[in-house]
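Structure record follows, encoded as structure tokens.
The values are calculated or read from the model by the stated rules, or taken from the named source; none is laboratory data. As the structure is a computational prediction, the values presented were derived from the model and not from experiment. Glycine also receives a Cβ, built like all others from the backbone with ideal geometry; neighbour counts cover every protein chain displayed.
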Amino acid sequence: MKQSYLILFALLVFSLARVPIAHAQAEAEGDPLAAHIGVTARAMGDSIIIRWGPSNTALWLGANESGYVIERSVAGEKSFSQIGTLIKPWPRERWVKFLTPREASTTEDSAIDYTQIAYSLLYDSTQAGVALQSGIEDEKEISQKQASLDMSRSFALIAADRDAEAAEGLGLRFVDHNVQRGVRYTYRVRLARQLAIYHADSGSITIENVPYDKALSRKTITPVEGDRTISLNWPASPKLGSYIVSRSEDGGKTFKRLNRYPLITIRQSALKATDSESYLDTTIINYRPYIYRIAGTTSFADLEVVGEAHAMGRDLTPPGMPLISNPKQISDHAIEVTWEMAEPVAGDLKGFRVLRGESDSGKFDPISQTLPPSTRTFTDTHFSDTVHNYYVIEAFDTARNMSRSFPAYAPLMDTTPPIAPTWLSGTMDTNGIVTLKLKGNTERDLMGYRLLRANAPEHEFSAIQESYVDPEVPEARRTTYSDTVTLVSLTPFVYYRALALDRNYNESPLSAILAVPRPDIIPPVPPVITGATVTDTSVTIDFIPSSSKDVRTQVLLRREGSGAWMTASEMNAAAKRATDTKVTQNTAYEYAMQAIDTTGNHSKFSGTVTARPYRRSLIDGVRDLRVVAIDSGRAMQLTWTNPSINPLRLILYRGMGDKPVEQYTTIADGASQFVDHVVTREASYTYAIKAFDANGTESRLSIRVSVTAR
């Protein structure tokens, strides 16, 4: 019997640790002496099977001594009746009587006898419990025996799950035959007497007596086809504690069990919806179809089919990786690529393919058809001589598994220099710092530039800076450079040239000469004002232009009174006259001139001149004045057309009878009609309008219009 115990232990430790369904709930939180009896049940139609389990070892040992009581009520009723009294594990004599004939028939290849395991766990644990209570052991021995008892309880629950007679012999199973189909029952399992230290509440479950449908255990089995392996995966079920995997090689006619011992998953926490089970079959032959059947054991010691899956292994192992020797350019238009294969070469090698790319980590494009498996060399006659050429070799087998070599670079024979560099710009600031910009060369193998300088275009140019670096480094393509020169020189320019070099130190022709002017710090001569002409809308200034040759702009400046100078107009270096149109009539302005050279130096102010745009004598008046009597002669309505003056102020003149017109009223700004309500019927009136602008300049009086109120 010890042998069976050890077999189960090996099963749990070495079968990738699968866990049974837990029957007992966790103890009440915060109460270390609380225990619970977990209960489950299954309806069979003509009977109901009740299974239970203690939540800890102390409760298990105590219940084995006291026994359990089973009570039942029809669901919804409060009263319970006992249907099982003092259910306890079998006594040793009954176990021996039951097991003796079984031991005689047991062989080494037989399946696990869970009843023998249950017997061993039950009585070994009982003896260990007695020794534990005697208090003669030291602390280490107590800890070891407590761990052994905890393991015995767990294994005993597993044995009860796997074998109905083991469950009955352990006092953890009861079958109620006195039931009616379709009726709901509530079962309660409690201790026959309470324990001295632990206090255990009863466990209960309500179930309708409808025959259990095993189809509820069906799950989808997902096979993962590997190379000489097939992995089976399926969702874990709280109803199934262990699994049996069978395989058919004849299309499902016969199945052979693959695992001698059931698969049991040990979990440290409650089962989650995402948990799954798995089995790996490593005894297959590739491309042979198999049918797998998964069956699971329940807490009621029966086997339920989980599902079936069809799968076959596939060759996923690629050939060995090719090893490229250094590619060589054997002519102007040919590169030879050779490679080797480590021995032994795979028997299913189908061939090779050559690919080429512009970098060792970029995209590679195929440049060959499928080459025979005996091929070890290839000549590329379409490579590029303007970019890098990297090669890889792909080896693939009959199952289209592929391996790829490491990239290999093919150096080219290069005697072609880069083109001459082109200047974009060159400037010098007032500190003598020169900034030079080149238009970057596009050669793939460009290694950098050499800069040269001279104080005159006919002098010999000397190298001042070189930027030779690996073409793969961004510095090789840098196009902006700095130089520092003195500002104290008789020559107004500094002259530069450049040349480019490639990876093989081929030099380009020299660039064109770039003349960089030294900054001009001398301001130009100011212009000289010779006269001013005014109108009512503008002031025109005549002047003699600046005599400096580097003048870029001449500026007319204006201010009003003692205010700040403002730019009134800008002209080129050849201009001799400037006109200011942004003026106000009858306002005095002071004007001055200033010259600005190409480097931004400003001249002093010229002499000043004062000018005042004059006021116009008359402005345009209103037109098309019309007057009509309205409201049966009790009012006069006037309409007219305003001149294009803004802002505009209007004054209405009126005369009665033969009297001359005189100011009558002011009309709202911008209005083009007016109604005169102060009139006398049968009287005659004459109207006219005068307009004024913002400066007070007035228009002539409009035409007079007369009308009689009737």
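Among the residues of segment 345-364, those that are within 16 Å of SER384 (Cα to Cα), assigned to a loop (DSSP other than H, G, I, E, B), charged (D, E, K, R) and touching a residue at least 12 places away in the same chain (Cβ under 8 Å) comprise GLU358, ASP360.
Out of all the residues in segment 516-548, which are outside any strand (DSSP E or B), over 30 Å from LEU452 (Cβ atoms) and among the charged types (D, E, K, R)?
ASP536
With respect to the conditions (1) under 30 Å from ASP520 (Cβ atoms); (2) out of contact with any Ser or Thr (no Cβ under 6 Å at 6 or more places or on another chain), MET413 falls short on a single one, namely (1).
Yes/no matrix, rows are residues, columns are (1) at pLDDT 80 or above; (2) buried (at least 22 other Cβ atoms within 10 Å of the Cβ); (3) over 16 Å from GLU65 (Cβ atoms):
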site	(1), (2), (3)
TYR119	yes, yes, yes
LEU122	yes, yes, no
ALA147	yes, no, yes
LEU157	yes, yes, yes
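Just one of the listed residues (PRO643, PRO660) is assigned to a loop (DSSP other than H, G, I, E, B), closer than 15 Å to THR686 by Cβ and either at pLDDT 90 or above or under 60 Å from the mean Cα position of the chain (by Cα) (or both), namely PRO660. Candidates in segment 223-269 are the residues that are at pLDDT below 90 and either basic (Lys, Arg) or assigned to a strand (DSSP E or B) (or both); of these, the one that is farthest from the chain's Cα centre (by Cα) is ARG260. Evaluating ALA629 against the criteria (1) part of a strand (DSSP E or B); (2) within 15 Å of SER702 (Cα to Cα) leaves one unmet condition, (2).
From the list THR317, THR297, THR283, THR220, the lone residue that is free of Cβ contacts under 8 Å to residues at least 60 places away in the same chain and either farther than 30 Å from TYR409 by Cα or not in a strand (DSSP E or B) (or both) is THR283.
Can you tell me how many residues in segment 66-93 are surrounded by 17 or more Cβ atoms within 10 Å (Cβ to Cβ) and in contact with a helix residue (DSSP H, G or I) (Cβ under 7 Å, 6 or more places away or on another chain)? The qualifying residues number 2.
Taking the criterion of being small (Gly, Ala, Ser) and over 59 Å from the mean Cα position of the chain (by Cα), would at least one residue in segment 565-572 satisfy it?
For segment 565-572, residues small (Gly, Ala, Ser) and over 59 Å from the mean Cα position of the chain (by Cα): absent.
Just one of the numbered conditions (1) hydrophobic (A, V, I, L, M, F, W, C); (2) at pLDDT below 90; (3) closer than 30 Å to THR535 by Cβ is not true of ALA668: (3). Within segment 665-681, which residues are assigned to a strand (DSSP E or B) and closer than 16 Å to GLU698 by Cβ? Matches in segment 665-681: THR666, ILE667.
Taking the criterion of being outside any loop (DSSP other than H, G, I, E, B), over 46 Å from the mean Cα position of the chain (by Cα) and loosely packed, with under 12 Cβ neighbours inside 10 Å, the only residue of segment 482-510 that qualifies is THR484. Checking the structure you have, find out if any residue of segment 390-407 is surrounded by 12 or more Cβ atoms within 10 Å (Cβ to Cβ), polar (S, T, N, Q) and under 16 Å from VAL516 (Cβ atoms). So far as segment 390-407 goes, no, none of its residues is surrounded by 12 or more Cβ atoms within 10 Å (Cβ to Cβ), polar (S, T, N, Q) and under 16 Å from VAL516 (Cβ atoms).
With respect to the conditions (1) part of a strand (DSSP E or B); (2) under 26 Å from GLU698 (Cα atoms), SER617 falls short on a single one, namely (1). The set of residues in segment 72-84 that are of a type outside the set (A, V, I, L, M), in a strand (DSSP E or B) and in contact (Cβ under 8 Å) with a residue 40 or more places away in the chain comprises ARG72, SER73, GLY84.
A quick yes/no check of all residues on (1) at pLDDT 95 or above; (2) in the same structural domain as PRO509 (by TED's automatic domain parsing):
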| residue | (1), (2) |
| --- | --- |
| GLU336 | yes, no |
| PHE364 | yes, no |
| TYR391 | yes, no |
| ARG400 | no, no |
| ASN431 | no, yes |
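To keep it simple, each residue is scored yes or no on (1) under 30 Å from VAL678 (Cβ atoms); (2) of a type outside the set (Gly, Ala, Ser); (3) outside the structural domain of ALA683 (by TED's automatic domain parsing); (4) loosely packed, with under 14 Cβ neighbours inside 10 Å.
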site: VAL534; (1), (2), (3), (4): no, yes, yes, no
site: SER538; (1), (2), (3), (4): no, no, yes, no
site: SER548; (1), (2), (3), (4): no, no, yes, no
site: ARG558; (1), (2), (3), (4): no, yes, yes, no
site: MET571; (1), (2), (3), (4): no, yes, yes, no
site: GLN594; (1), (2), (3), (4): no, yes, yes, no
site: THR598; (1), (2), (3), (4): no, yes, yes, no
site: VAL628; (1), (2), (3), (4): yes, yes, no, yes
site: GLY633; (1), (2), (3), (4): yes, no, no, no
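If the condition is being over 27 Å from ASN178 (Cα atoms), part of a helix (DSSP H, G or I) and either touching a strand residue (DSSP E or B) at 6+ places or on another chain (Cβ under 7 Å) or touching a residue at least 40 places away in the same chain (Cβ under 8 Å) (or both), then segment 55-71 contributes THR57, ALA58, LEU59, TRP60, LEU61, GLY62.
Let's see how each residue does on (1) in contact (Cβ under 8 Å) with a residue 40 or more places away in the chain; (2) farther than 25 Å from GLY241 by Cβ; (3) in contact with a strand residue (DSSP E or B) (Cβ under 7 Å, 6 or more places away or on another chain):
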| residue | (1), (2), (3) |
| --- | --- |
| GLN144 | no, yes, no |
| ALA147 | no, no, no |
| PHE155 | yes, no, no |
| ASP161 | yes, no, yes |
| GLY169 | yes, no, no |
| ASP176 | yes, no, yes |
| GLN180 | no, yes, no |
| ARG184 | yes, yes, yes |
| ARG193 | yes, yes, no |
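Candidates are the residues of segment 271-321 that are among the charged types (D, E, K, R) and modelled with pLDDT of 90 or more; the one that is surrounded by the most Cβ atoms within 10 Å (Cβ to Cβ) is GLU277.
Being within 35 Å of the chain's Cα centre (by Cα) and either under 12 Å from THR317 (Cβ atoms) or free of Cβ contacts under 8 Å to residues at least 60 places away in the same chain (or both) is the filter here, so list the residues in segment 395-406 that pass it.
Of everything in segment 395-406, those that are within 35 Å of the chain's Cα centre (by Cα) and either under 12 Å from THR317 (Cβ atoms) or free of Cβ contacts under 8 Å to residues at least 60 places away in the same chain (or both) turn out to be ARG400, ASN401, MET402, SER403.
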